[in-house]
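The block underneath contains the structure these notes are about, expressed in structure tokens.
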Amino acid sequence: MPVLDSLRLNQTDSIVILTGAGISQESGLDTFRCAGGIWSEVDLEDVATPRGFARNPDLVHRFYNDRRRGLLDPAIQPNAAHAALAALERGWRGSVTLVTQNIDDLHERAGSADPIHMHGALLKAVCQRCHAVTDCHDDLSVHDLCLSCGGKGGLRPDVVWFGETPYHMDRIQAALEDCDLFLSIGTSGHVYPAAGFVAEAGANGAVTVELNLDPSEGVSRFDRAIQGPATALVPALVA
Ligand code: BJW
């Protein structure tokens with residue numbers, strides 16, 4: 001692994017990888033903040049906040065139903081960057097913790113064993129009353145009720161909206177504390193707490209590297225930053 005070797009890591013070092021929408025862009029999924037991205041089409045206040053869902057659940061269901069159908073389109077497949085991270089995970093002797101902000105399942109489909117979905121998963125629904133989580137490959141509506149609590153609670157997409165607590169934060173914090181290399185791929189660095197991970201990893205002594213099409217909001221916090229498309233940069237990094 002030549003580029004990784006140039007970072008003077010040991011094969012037993014711990015790696016934390018954070019991915020964002022940019023890693024799935026070349027698979028055909030839209031990013032949020034690039035030109036023509038999702039937030040240029042819809043107001044995030046309407047579709048990605050609990051307030052928006054309370055105001056107009058039909059609109060929010062339509063937004064996620066469209067994205068779920070898009071993700072399940074056979075044309076949408078993991079790309080070389082997802083595959084390279086899965087290969088890294090298989091070949092590295094130390095621990096590799098993959099944290100993704102993405103709600104797609106492309107890391108799993110590429111072979112990553114246990115990606116941590118800090119912002120949830122598009123192919124899952126959660127009951128608003130009993131919080132039971134179920135697989136969800138079909139459209140959701142306000143009429144869908146949770147079977148686990150006898151139809152008393154309504155279902156919503158199992159995703160983390162602004163103002164909600166991201167998932168698995170204890171596990172992520174523990175990995176950041178024990179991290180020798182922090183790698184950030186395809187994320188704009190606009191959204192916290194993910195945007196703060198680089199500072200935490202750096203403060204704990206990790207080497208920090210950003211791979212992104214453009215320099216992110218927080219690029220100055222990284223030791224190294226390389227610009228380009230993920231399908232070129234990530235395979236080259238771990239080859
Ligand atoms: C390529 C490429 C290619 C393109 N190759 N690269 C003031 C200060 C600090 C914080 C706050 C604040 N006010 C409010 C907050 C908190 C708030 C927040 O961060 N707000 C900011 C906007 C200021 N955060 C929250 O509310 C979070 N919760 C929270 O903080 O709880 C408190 C808490 C913290 C810690 C412990 C306990 C409690 C929740 C955030 C939820 C975000 N949800 C969304 C929607 C999820 C569901 C869905 O997908 O619909 O998550 S918003 C959206 O943004 C989505 C993404 O995961 C997230 C990040 O986006 P990402 O992945 O970075 O995408 P883009 O589009 O922004 O960037 C893509 C990048 O890729 C670009 O840079 C391109 O250049 C690059 N790229 N093509 C390589 N081919």
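A short reminder: the numbers here are calculations on the coordinates, not readings from a lab. Because the structure is a prediction, the values reported are computed rather than measured. Glycine also receives a Cβ, built like all others from the backbone with ideal geometry; neighbour counts cover every protein chain displayed.
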**Asked** If you keep only loop residues by DSSP, which trypsin sites (Lys or Arg not before Pro) in region 39-104 have at most 11 other Cβ atoms within 10 Å of their Cβ?
**Response** 93
**Request:** Pop out the ³J(HN,Hα) list for region 31-45 in order, Karplus 6.51 cos²θ - 1.76 cosθ + 1.60 with θ = phi - 60°, rounded to Hz; leave Gly and Pro as x.
**Result:** 7, 8, 10, 6, 4, x, x, 4, 6, 8, 9, 9, 7, 4, 4
**Fill in**
One quarter of the C-alpha convex hull surface, i.e. the mean projected area of region 116-212 in nm², amounts to 7.4
**Message:** Given the -39500 (n - 2.57) contribution per DSSP H run of 4+ residues, what per-residue ellipticity at 222 nm results for the chain, rounded to the nearest 500 deg cm²/dmol?
**Reply:** -8500 deg cm²/dmol
**Request:** Measure of size requested: the Rg and Dmax of region 170-239, with Cα atoms as the atom set and Å as the unit; please supply both.
**Result:** 11.7, 32
**Request:** Go from 0 up to the bin containing the longest alpha carbon distance in region 5-160, width 10 Å each, and give me the % of pairs per bin.
**Result:** 10, 35, 31, 17, 6, 1
**Message:** I need the phi-derived Karplus couplings for region 118-130: 6.51 cos²θ - 1.76 cosθ + 1.60, θ = phi - 60°, integer Hz, Gly and Pro marked x.
**Reply:** 5, 10, x, 9, 5, 9, 10, 10, 10, 6, 6, 9, 9
**Request:** Translational diffusion coefficient, Stokes-Einstein: compute it for region 1-63 using the Kirkwood radius over C-alpha pairs as Rh, at 25 °C and 0.890 mPa s, and state it as an integer in µm² s⁻¹.
**Result:** 164
**Complete:** Once the dipole of the chain is set up from charges on Cβ (+1 Lys and Arg, -1 Asp and Glu), the residue from the list 106, 184, 149 lying farthest towards its positive end is 149
**Asked** Which log10 I(q)/I(0) values, to two decimals, does region 89-153 give at q = 0.18, 0.21, 0.23, 0.26 Å⁻¹ under the Debye formula with one point per Cα?
**Response** -0.75, -0.89, -0.98, -1.11
**Message:** Counting other beta carbons within 10 Å of each residue's own, what order do 71, 85 fall into, fewest first?
**Reply:** 71, 85
**Message:** What distance in nm lies between label points placed 7 Å from Cα along the C-beta direction at residue 162 and residue 145?
**Reply:** 3.4
**Item:** Exposure proxy ranking, count of Cβ atoms within 10 Å, fewest first, for 192, 64, 167
**Value:** 192, 167, 64
